[in-house]
Amino acid sequence: MANLFSPLTIRSVSFRNRIAISPMCQYSSVDGFANDWHLVHLGSRAVGGAGLIILEATGVSPEARITPDDLGIWKDEHLDMLQRIVTFIEAEGAVAGIQLAHAGRKASHSSPWKGGKALPPEEGGWQTVAPSAMPFIPSEPTPLALTHEGIDKVISDFKTAALRALKAGFKVIEIHAAHGYLLHEFFSPLSNHRTDNYGGTFENRIRLLLKVTDGIRQVWPVEYPLFVRISATDWTEGGWTADDSVKLAAILKKHSVDLIDCSTGGNVPHAQIPVGPCYQTPFAEQIKKETGMMTGAVGLITTAQEAEAIITNEQADIVFLARESLRDPYFPLHAALELGHDIEWPEQYERAKPRRR
């Protein structure tokens, strides 16, 4: 049996294989609402055989969105379509997860195909917030440094979003603490210049992430997994490092986090990142081996052989597919054939299943 297709159980949730679909922004919502695009996009990947489908970065408040076109979960009215999506994903044998997010100083931008630029108020933009009054790019509007009251609101927004995610039927929550968004901004010294108890020392800079994690765990059932996506390094001198990530993962493990989804970068615009096949996998391997925490590998994993090797060599527990899944929603079905592993196809597609000779 191909190890990529071995089942995995985390707490009480079982995944049929080790293939997860990464949260990928679709920039296709109006006022945060999911729609038929999301149903078809996500549903096709469940039909395609993945074990876990995680919805894109979903704003815990209107100001938490990257763009006005982002998915949201800040009001009850968002839940009807989300419930429909969850129901379809589960009917096809996959587990439905959601990534809860706050974009921080990288919020209030237009969608990529609309220019990806900072939006002024007259074009639908809003005031951004951050740990410190420092824009991501010097030419962009300066974010407001969050007050303690503002920080308390962020913690509350994540907690309330988790309650809604539970009501919608999700079985996995992933906290987005990567890619230069708000929680990453707090724990990286490149973007956090605070002098209060949320800045300065390592322990202070990770405080907000721990409070968000604890707040979610207060309302998220003990039998359901909680993941955290981090940028394991800033790829920049003076920034967050792989050793910092190991230290953080060990602490998160004590706060009832089950898996670290290991991405990198995104917090400064000119980081020199050595992009290549599986280039982020070593961070997942390091965290897994040094802390015993389950990890997910993500980043230019494009072949069945690469994914199989990551699981076989115990570099990670799950492989997250992003762009390759956009190219091939049925990657798991095709990967099983390549690896000589027989898996069930949807009954509606069974007559098209290739037969090995």
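The values are calculated or read from the model by the stated rules, or taken from the named source; none is laboratory data. Just so you know, these numbers come straight off a predicted model, no measurement behind them. Reconstructed Cβ throughout: ideal geometry from the backbone, glycine too, with neighbour counts over all protein chains shown.
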(request) Give the residue, chosen from 309, 316, 297, 352, that is of a type in the set (A, V, I, L, M) and exposed (fewer than 14 other Cβ atoms within 10 Å of the Cβ). (result) 352
(request) Quickly run through segment 195-240 and pick out the residues that are surrounded by 17 or more Cβ atoms within 10 Å (Cβ to Cβ) and either over 22 Å from the mean Cα position of the chain (by Cα) or of a type in the set (Ser, Thr, Tyr) (or both). (result) 198, 199, 204, 213, 224, 231, 233, 236
(request) Give the residue, chosen from 216, 175, 251, that is in a helix (DSSP H, G or I), in contact (Cβ under 8 Å) with a residue 60 or more places away in the chain and under 19 Å from residue 10 (Cα atoms). (result) 216
(request) Would you check if residue 185 is in contact (Cβ under 8 Å) with a residue 24 or more places away in the chain, more than 28 Å from residue 79 (Cβ to Cβ), not basic (Lys, Arg) and not in a loop (DSSP other than H, G, I, E, B)? (result) yes
(request) Any residue in segment 275-286 that's loosely packed, with under 14 Cβ neighbours inside 10 Å: show its pairings with residues that are part of a loop (DSSP other than H, G, I, E, B) and at pLDDT 95 or above at Cβ separation under 6 Å, as long as the two are six or more apart or on different chains. (result) 277/300
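Kindly establish whether residue 190 is in contact with a His (Cβ under 6 Å, 6 or more places away or on another chain) and touching a residue at least 60 places away in the same chain (Cβ under 8 Å).
On the way: in contact with a His (Cβ under 6 Å, 6 or more places away or on another chain): no; touching a residue at least 60 places away in the same chain (Cβ under 8 Å): yes.
Answer is no for this residue.
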(message) Can you tell me which residue is surrounded by the most Cβ atoms within 10 Å (Cβ to Cβ) among those in segment 8-33 that are under 17 Å from the mean Cα position of the chain (by Cα) and not in a strand (DSSP E or B)?
(response) 18
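Looking at segment 34-43, which of its residues are assigned to a helix (DSSP H, G or I) and more than 19 Å from the chain's Cα centre (by Cα)? Even if it seems obvious, please write down each step before you answer.
As a first pass, look at segment 34-43 and keep what is assigned to a helix (DSSP H, G or I): 36-43.
Matches in segment 34-43: 36, 37, 40.
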(request) Out of 56, 90, 140, 122, report the one residue that is charged (D, E, K, R) and assigned to a loop (DSSP other than H, G, I, E, B). (result) 140
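Could you grab me the full set of residues in segment 161-194 that are of a type in the set (S, T, N, Q) and either within 18 Å of the chain's Cα centre (by Cα) or under 17 Å from residue 262 (Cβ atoms) (or both)? Working first, answer last.
Pass one, segment 161-194, residues of a type in the set (S, T, N, Q): 188, 191-192.
Passing the criteria: only 188.
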(request) Kindly indicate which of 212, 275, 246 is within 21 Å of residue 157 (Cβ to Cβ) and either among the hydrophobic types (A, V, I, L, M, F, W, C) or touching a helix residue (DSSP H, G or I) at 6+ places or on another chain (Cβ under 6 Å) (or both). (result) 212
(request) Just one of (1) within 17 Å of residue 75 (Cβ to Cβ); (2) surrounded by 22 or more Cβ atoms within 10 Å (Cβ to Cβ); (3) among the hydroxyl-bearing types (Ser, Thr, Tyr) trips up residue 156, so point out which. (result) (2)
(request) Note down all Cβ pairs under 8 Å where the first residue falls in segment 84-109 and is under 24 Å from residue 12 (Cα atoms), the second is assigned to a helix (DSSP H, G or I) and acidic (Asp, Glu), and they're at least six residues apart or on different chains. (result) 96/90
(request) Could you look through segment 61-75, keep only residues that are of a type in the set (Val, Ile, Thr) and in contact with a helix residue (DSSP H, G or I) (Cβ under 7 Å, 6 or more places away or on another chain), and pick out the one that is nearest to residue 124 (Cα to Cα)? (result) 66
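State yes or no: is residue 230 over 20 Å from residue 45 (Cβ atoms), in a strand (DSSP E or B), among the aliphatic types (A, V, I, L, M) and out of contact with any Gly (no Cβ under 8 Å at 6 or more places or on another chain)? Break it down stepwise before answering.
On the way: over 20 Å from residue 45 (Cβ atoms): yes; in a strand (DSSP E or B): yes; among the aliphatic types (A, V, I, L, M): yes; out of contact with any Gly (no Cβ under 8 Å at 6 or more places or on another chain): yes.
Spelling it out, residue 230 is indeed over 20 Å from residue 45 (Cβ atoms), in a strand (DSSP E or B), among the aliphatic types (A, V, I, L, M) and out of contact with any Gly (no Cβ under 8 Å at 6 or more places or on another chain).
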(message) I'd like to know if segment 5-21 contains one or more residues that are touching a Phe, Trp or Tyr at 6+ places or on another chain (Cβ under 8 Å) and more than 20 Å from residue 258 (Cβ to Cβ).
(response) no
(request) Could you check residue 203 against (1) touching a residue at least 60 places away in the same chain (Cβ under 8 Å); (2) acidic (Asp, Glu); (3) assigned to a helix (DSSP H, G or I) and say which number it fails? (result) (1)
(request) Please indicate, with yes or no, whether at least one residue in segment 311-327 is over 20 Å from residue 54 (Cα atoms) and either of a type in the set (Lys, Arg) or in contact with a helix residue (DSSP H, G or I) (Cβ under 6 Å, 6 or more places away or on another chain) (or both). (result) yes
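Give the residue, chosen from 135, 120, 68, 131, that is touching a strand residue (DSSP E or B) at 6+ places or on another chain (Cβ under 8 Å) and not aromatic (Phe, Trp, Tyr).
Values: 135 fails: touching a strand residue (DSSP E or B) at 6+ places or on another chain (Cβ under 8 Å); 120 fails: touching a strand residue (DSSP E or B) at 6+ places or on another chain (Cβ under 8 Å); 68 fails: touching a strand residue (DSSP E or B) at 6+ places or on another chain (Cβ under 8 Å).
Going through 135, 120, 68, 131 in turn, the sole match is 131.
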(request) Please give the helices (runs of 4 or more DSSP H) falling wholly within segment 277-339 in which 2 or more residues are over 21 Å from residue 57 (Cβ atoms) and touching a Ser or Thr at 6+ places or on another chain (Cβ under 6 Å). (result) 281-291
